[in-house]
Amino acid sequence: MDELYFILSKYKPNGLLIDTNLLLLLLVGCYDINSINNHKRLSGFRVEDFNLLVSLIDLLKLRLITTPHILTEITNLSDSFNTRTNKDFYMKFPFLLKNMEEQTEESIVIIEKNMRCFTTMGLSDSVIYELSQKNYLIMTVDLELYSFISTQSLPAFNFNHLRASML
C-alpha cells in the first residue's frame, strides 16, 4: 500500500487516467451503487472495489483524466441497463464527467506514433499508452495494457494488485 501511495503522490500533479472498465465501475457506482452487482459489464467487480477506487481518488484528491475514446467505450458498455435506467444514466453522464479533464489527439497521429501498440491492442489502448508517455499515471485492470506500459518503465498501476492486497 505504501508503494501505491508513493506512486500516486508522485504523479498526482499530472493526473490519473482510469482505464475503461474501472471508469465504468466508478460512473455506474456514482450513479447507483446497487447497479454494480447487476451490470453485466461489471461482473468482475464488487461494491467493495468501487469503494476502494473512490477512497483512493478522494484520499489523494486526484485529478482524473479521460479521453473521447474511453468515453465512447463507456457509452458502448453501459448498455446493460434497461432502457429507462440507461436514459437516466445518460442524463447524469455530464454531471459525472464534470470533474474530469479530457485529453484529445488525432487518432491518425496516435496510430502512426504507436503502431505496435495499435496493432496489438487497438486505438483506445494506444491513446492510453501515449498518455503514459506524457507522464499521466494509468490505472487499469487490463493485464496486457499494464504490462505493455510498465515494461517500458512508464507510469502504470494494476488495480488488481491493490484488490489482492486488501484481501
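FYI, it's all coordinate maths here, none of it is from the lab. Predicted model, so just to flag it, every value in this text is computed and none were measured. Here Cβ is always computed from backbone atoms with ideal geometry, including for glycine, and neighbour counts include all displayed protein chains.
Listing T120, T140 from the residue with the fewest other Cβ atoms within 10 Å to the one with the most, what is the order?
The most exposed by this proxy come first: T120, T140.
Looking only at GluC sites (Glu not before Pro) in DSSP loops with at most 16 other Cβ atoms within 10 Å, what is the longest site-free stretch of the chain?
1-104
How high is the relative contact order of the chain, in percent, counting Cα pairs under 8 Å that sit 6 or more residues apart? The partial results should precede the final answer.
Working: 185 pairs, mean separation 46.0, N = 167.
Contact order relative to length: 28 percent.
Can you list, bin by bin at 5 Å, the percent of alpha carbon pairs in the chain, starting at 0?
With a bin width of 5 Å, the distribution comes to 1, 8, 18, 22, 21, 16, 10, 3, 0.
Rank I57, I149, I74 by mean-square fluctuation in a GNM of the chain with C-alpha springs under 10 angstrom and give only the top-ranked residue.
I57
List every residue whose amide H lies under 5 Å from the amide H of I65, counting only residues 5 or more places away in sequence or on a different chain, with H placed 1.01 Å from N in the peptide plane.
Those qualifying (amide H under 5 Å, at least 5 residues apart or on another chain) are L16, L17, I18, E101.
Remind me, relative contact order of the stretch 82-167 in percent, using alpha carbon pairs under 8 angstrom and six or more residues apart? Mind dumping the intermediate values first?
Working: 55 pairs, mean separation 15.4, N = 86.
It rounds to 18 percent for the stretch 82-167.
Could you give the length gained by full extension between Y5 and D58, i.e. 0.36 nm per residue of separation minus their alpha carbon distance, to one decimal place?
Taking Y5 through D58 to full extension adds about 17.8 nm, to one decimal.
Modelled label-to-label distance, K92 and V47, 7 Å Cα→beta-carbon offset: nm?
Between K92 and V47, the label points sit 1.5 nm apart.
State the number of lysine pairs found in the chain whose Cα atoms come within less than 14 Å, restricting to pairs 8 or more positions apart or on distinct chains.
Values: K10/K61; K10/K134; K12/K61; K12/K134; K113/K134.
Eligible lysine pairs with Cα atoms under 14 Å apart amount to 5.
Work out the FRET efficiency for N76 and N34 from their Cβ-Cβ distance, taking R0 = 22 Å, and round it to the nearest 0.05.
Here the calculated transfer efficiency is 0.45.
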